[in-house]
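Trainee: This is the structure I want to talk about, given as structure tokens.
The values are calculated or read from the model by the stated rules, or taken from the named source; none is laboratory data. Only a predicted model underlies this, so the values are computations on that prediction, with no experimental measurement involved. Neighbour counts run over all protein chains shown; Cβ positions are idealised from the backbone, glycine included. Note: accessible area is taken over every heavy atom of the protein model, side chains too, but ligands, DNA and RNA are not part of it. Shrake-Rupley method; radii C 1.70, N 1.55, O 1.52, S 1.80 Å.
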Amino acid sequence: MKQEQDQPNVGRDRLASEELDAAERRSVLEAIKRFTIETPSWGYGDSGTRFKVFHWPGAARNLREKLADAALVHRLTGVCPRVAIHIPWDKEDDWEAVKAYAAGLGVRIGAVNPNLFQDEEYRFGSLCHPDPAVRRRAVQHVLECIQIARAVDSDTISLWLADGTNYPGQDDLRARKHRLEETLAEIYAALAPGMRLLIEYKFFEPAFYHTDLADWGMAYTLARKLGPQARVLVDTGHHPQGTNLAHIVAFLLDEEILGGFHFNDRRYADDDLIVGSQHPFELFLVFNELVAAASQPQAPRIDYMIDQSHNIEPKIEAMIQSVLHIQSAYARALLVDRRRLAEAQAAGDVLGAYRVLRDAFETDVRPLLAQAREEMGLDPDPIAAFRRSGYADEVARARPASKGGASGYPGA
Ligand code: AOS
Ligand code: ZN
Ligand code: ZN
Ligand code: ZN
């Protein structure tokens, strides 16, 4: 790194000012190319809000179509080789055939997501339900998901619970905690060696008085009690307004219990908007913690998964945009001048330290990302490449159930 006296406080573009020597620039490029992101099957299908599902022409209607769309995102971005699936939304009879089909497309199954929130029986919860028969049903479903994970060579169960209550007094909160600990212990015991249970918390919705798995502390406690194959999953939309997400991430990283992310962005609640579209600086600060921790000797395995619901926006383009935002936040975090940051922190230089982060955040990393894509043999602009491909119109015609014909695609 060239030693330079501090420039005037007009900000330092970490790339334009050639502060990085060739070796550092190379290592950033290689890190960008290695950084993979898992896309969710449910992001390619018609989903929506509780008020309306707007159908998108050509939206994927089954797992094979979702895998085809996800494979296109991977071909265009080069960094999305895994696809999270959701059971029963993606249930199939022949998992060997699914595995082979995915492999033929150049992708593979990532996390398996059980669904404990849509059966009639789950009105008062699933793993926390007062009725042991309902808890049994819920446990059986997760055990089935573990079997499916084994069948598709997935090592990850990503478990979110909608369990909770809507009114004070509705149920005994501590009894619900005990039921949860008991049922999770049975699930955990069924994990294959090497398999991980990612415990995803969410502070509210669909329960509105309390949610049994409401915050990172509860997920942390449960994961610790279960054992080393249990980790905490941070869904970036699952916190009260104003929560300092980077601080939670730093704490969980330091405790070596952060298992992964469900990335999305929100203006108000769990809006499942495109990650980084509302709060790009917050996303960068999360990645700043991840990059800082990754330089420790035992860099933990963390799964970076997108979990969004594209209700009004074109699904595949929204997914590509999400990948670009994550890559941008990661690339900028790689550019943080850690030496200057440590010096400023040690000196108590509050704004000097802040400006070190700001310099990295305000560096335009698009040329670097484009170079990484070109070195991977990809179009430097995946969005333009997608729009030129005509894929949107093709699937709009090929998938009649989704009101074929013109994809209604802007600029198609
Ligand atoms: C729900 O809000 C959670 O984010 C879930 O993780 C996700 O929506 C999906 O249902 C996977 O289980
Ligand atoms: Zn989630
Ligand atoms: Zn969510
Ligand atoms: Zn979600």
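Trainee: Can you send over the carbon and sulfur percentage of the accessible area for the chain, probe radius 1.4 Å, protein chains only? Write down the numbers at each step before the final one.
Mentor: On the way: 9800 of 18050 Å².
Here it works out to 54 percent.
Trainee: Which ³J(HN,Hα) values, rounded to whole Hz and listed in residue order, are derived for region 37-52 from phi using the Karplus coefficients 6.51, -1.76 and 1.60 in 6.51 cos²θ - 1.76 cosθ + 1.60 with θ = phi - 60°, glycine and proline given as x?
Mentor: Couplings: 10, 8, 9, x, 3, 5, x, 9, x, 5, 9, x, 10, 5, 9, 5 Hz.
Trainee: Using a basic spin-label model with each label point 7 Å from the Cα along Cα→Cβ, how many nm lie between residue 50 and residue 186?
Mentor: With each label point 7 Å from Cα toward Cβ, the separation is 2.8 nm.
Trainee: Between residue 100 and residue 347, how high is the FRET efficiency from 1/(1 + (r/R0)^6) when r is the Cβ-Cβ distance and R₀ = 60 Å? Nearest 0.05. If you can, show how the numbers build up before the last one.
Mentor: Working: r = 58 Å, r/R0 = 0.97.
The computed FRET efficiency comes out at 0.55.
Trainee: So, one more: Expressed as cubic angstrom per residue, what is the convex hull volume of the alpha carbon set of region 247-400?
Mentor: Values: hull volume 23.2 nm³, N = 154.
Cα-based convex hull of region 247-400, divided per residue, equals 150 Å³.
Trainee: Separate question: Using the charge dipole of the chain (Lys, Arg: +1 at Cβ; Asp, Glu: -1 at Cβ; taken about the Cα centre), state which of 88, 264, 156 has its Cα farthest towards the positive end.
Mentor: With unit charges placed on the Cβ atoms, the residue in question is 88.
Trainee: Using only Cα atoms, what is the ratio of the radius of gyration of region 117-207 to 2.2 N^0.38 Å?
Mentor: Values: Rg = 13.5 Å, N = 91, 2.2 N^0.38 = 12.2 Å.
Rg over 2.2 N^0.38 Å, computed on Cα atoms: 1.10.
Trainee: Could I ask something else about it? Would you calculate the convex hull of the Cα atoms in region 9-166 and tell me its volume per residue in Å³?
Mentor: Working: hull volume 33.4 nm³, N = 158.
In region 9-166, the Cα hull volume divided by residue count equals 211 Å³.
Trainee: If you don't mind, another one. Could you work out the helix-only [θ] at 222 nm for the chain, with each DSSP H run of four or more residues adding -39,500 (n - 2.57) and the total divided by the number of residues, to the nearest 500 deg cm²/dmol? Working shown, then result.
Mentor: Values: 14 runs with 179 residues, N = 412.
One gets -13500 deg cm²/dmol as the mean residue ellipticity at 222 nm.
Trainee: Could you give the accessible area per residue of the chain, probe 1.4 Å, as a whole number in Å²?
Mentor: Details: 18050 Å² over 412 residues.
Dividing the accessible area of the chain by its residue count gives 44 Å².
Trainee: Related question: Answer rounded, prolate or oblate for region 129-271, using the Cα gyration tensor with square roots of eigenvalues a ≥ b ≥ c: rounded when a/c is under 1.5, else prolate when a/b is larger than b/c, else oblate.
Mentor: Verdict is oblate for region 129-271.
Trainee: Only loop residues by DSSP count here, and only those with at most 11 other Cβ atoms within 10 Å; note down the chymotrypsin sites (Phe, Trp or Tyr not before Pro) in region 45-93 that meet that. Don't skip to the answer; put the middle values down first.
Mentor: On the way: sites: 51, 54, 89; in loops: 51, 54, 89.
Here the chymotrypsin sites (Phe, Trp or Tyr not before Pro) that fit, given the DSSP loop and packing criteria, are 51.
Trainee: Out of all DSSP beta bridges with both ends in region 36-398, state the antiparallel percent to the nearest 5.
Mentor: Details: 3 of 30 bridges.
Among the beta bridges of region 36-398, antiparallel pairing accounts for roughly 10 percent.
Trainee: Another question, then. So, in region 36-398, how many Lys pairs have Cα atoms under 29 Å apart, if the pair is 8 or more places apart or on different chains?
Mentor: Taking the Cα cut-off of 29 Å, the pair count is 16.
Trainee: While we're looking at this one, here's another question. Could you give the alpha-carbon Rg of the chain over 2.2 N^0.38 Å, rounded to two decimals? Don't skip to the end; give the middle numbers.
Mentor: Working: Rg = 22.0 Å, N = 412, 2.2 N^0.38 = 21.7 Å.
Taking N as the residue count of the chain, the ratio is 1.02.
Trainee: Same structure, new question: Using θ = phi - 60° and the Karplus form 6.51 cos²θ - 1.76 cosθ + 1.60, what ³J(HN,Hα) does each residue of region 68-79 get, whole Hz, x for Gly and Pro?
Mentor: Result, rounded to whole Hz: 5, 5, 5, 5, 5, 4, 5, 5, 7, 9, x, 10.
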